[in-house]
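Since the structure comes first, as structure tokens, the remarks are kept for the end.
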Amino acid sequence: MYLHRNILIRHLNAHSIFAFKRNCKLEQLSLVAACYNFDGICVSESWLDSTIDNDCISLHGCLRPFRLDRNSHGGGVMAYVKSDILCTRKLDLEVAGIEIMWLDISLCNSKTLLLGSCYQPPNHNVTQKQNFKDCLSIPINASLHDASKIVLLAGDFNDRSVDKPLHLQSELFRLLSSCCFDQLIVSPTRNSSTLDWFGIDNISLVLDSGVLPPLNNLDHSLIFTTLNCLLPNSPPSSRLLWDYATLISLI
């Protein structure tokens with residue numbers, strides 16, 4: 001059985017989930033999760049390492065966070081996905097040293113949404129930018145020949161091509177265009193630049209997208225997109241019920 005509903009995805013550059021070694025930004029993220037009926041939140045610049053347990057950064061109603069850590073001083077990506085959505089991490093698509101994490105979200109009719117949570121640091125040199133682009137190109141090109149796969153990219157790309165004429169756009173931006181990807185965010189996300197993107201290879205699924213106000217003390221705005229998709233129903237779960245009326249009658 002399938003449940004027809006929209007999928008709401010958010011992205012934010014957290015610049016450390018645990019700012020100043022306190023949970024303030026995690027609390028703000030929890031507020032966003034409560035206020036907006038999201039299905040997934042992608043996070044760039046998580047600033048996490050192995051000393052921080054998943055239980056410390058879990059959100060109510062979500063699976064444990066999917067994480068690709070760098071260290072507690074910078075970088076890293078992660079994602080939260082609602083617990084009623086079938087989702088698996090695609091470790092075979094990840095490359096060491098490249099901050100792109102891939103998640104497969106199950107849709108109806110054997111289709112999947114391949115969600116890429118991405119972060120490209122601003123200080124990448126030419127070689128690192130090429131490696132980043134190459135890692136994106138593999139699943140992107142594969143999706144061109146796979147009608148069952150929808151690809152959605154979410155992240156801080158530190159790329160100002162959105163604001164530039166065609167002849168000044170980056171190789172990364174031209175890669176997306178050449179593979180029939182649409183970049184959905186056109187408003188500035190940090191100061192006057194559009195650094196945070198959603199890229200999708202099936203624009204017909206997009207119902208809405210845009211920019212939301214930043215969380216307190218963050219210099220990046222949140223971005224969101226809403227997709228029209230058909231999701232499998234959640235599997236039934238068992239619950240323990242107490243019959244208090246019968247219990248009292250036996251006392």
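Just so you know, all these numbers are worked out from the coordinates, no wet-lab data involved. Just so it is clear, the structure is predicted and the values come from calculations on it, not from any experiment. Using ideal geometry, Cβ is built from the backbone for each residue, glycine included, and neighbour counts are taken over all protein chains shown.
Considering only 121, 165, 65, the mean-square fluctuation computed in a Gaussian network model of the chain, springs between alpha carbons under 10 angstrom, is largest for 165. By the beta-carbon count within 10 Å of each Cβ, the least crowded to most crowded order of 98, 41, fewest first, is 98, 41. Computed over the chain with a Gaussian network model linking Cα atoms closer than 10 Å, the most mobile of 154, 19, 96 is 96.
Taking 43, 206, 77 in turn, the Gaussian network model of the chain (Cα-Cα springs below 10 Å) assigns the largest fluctuation to 206.
Just to check, using Stokes-Einstein with a Kirkwood Rh over alpha carbon pairs, what's the diffusion coefficient of the chain at 25 °C and 0.890 mPa s in µm²/s?
129 µm²/s
What whole number of Å gives the distance from the Cα centroid of the range 110-142 to the Cα centroid of the range 208-229? For the range 208-229 versus the range 110-142, the Cα centre distance is 21 Å. Taking Lys and Arg as +1 and Asp and Glu as -1, the other residues whose beta-carbon sits under 9 Å from that of residue 44 total -4. When the helices of the chain are scored as -39500 (n - 2.57) per DSSP H run of n ≥ 4 and the total is divided over every residue, the value at 222 nm lands at -5500 deg cm²/dmol. Of all lysines in the structure, the ones whose alpha carbon falls short of 28 Å from that of residue 82, not counting any fewer than 8 places away in one chain, are 21, 25, 90, 111, 149. The ranking of 194, 189, 88, 226 by Cβ neighbour count inside 10 Å, starting from the fewest, reads 88, 226, 194, 189.
The dipole here belongs to the range 2-250: it is taken about the Cα centre, uses +1 on the Cβ of Lys and Arg and -1 on the Cβ of Asp and Glu, and is about 100 debye.
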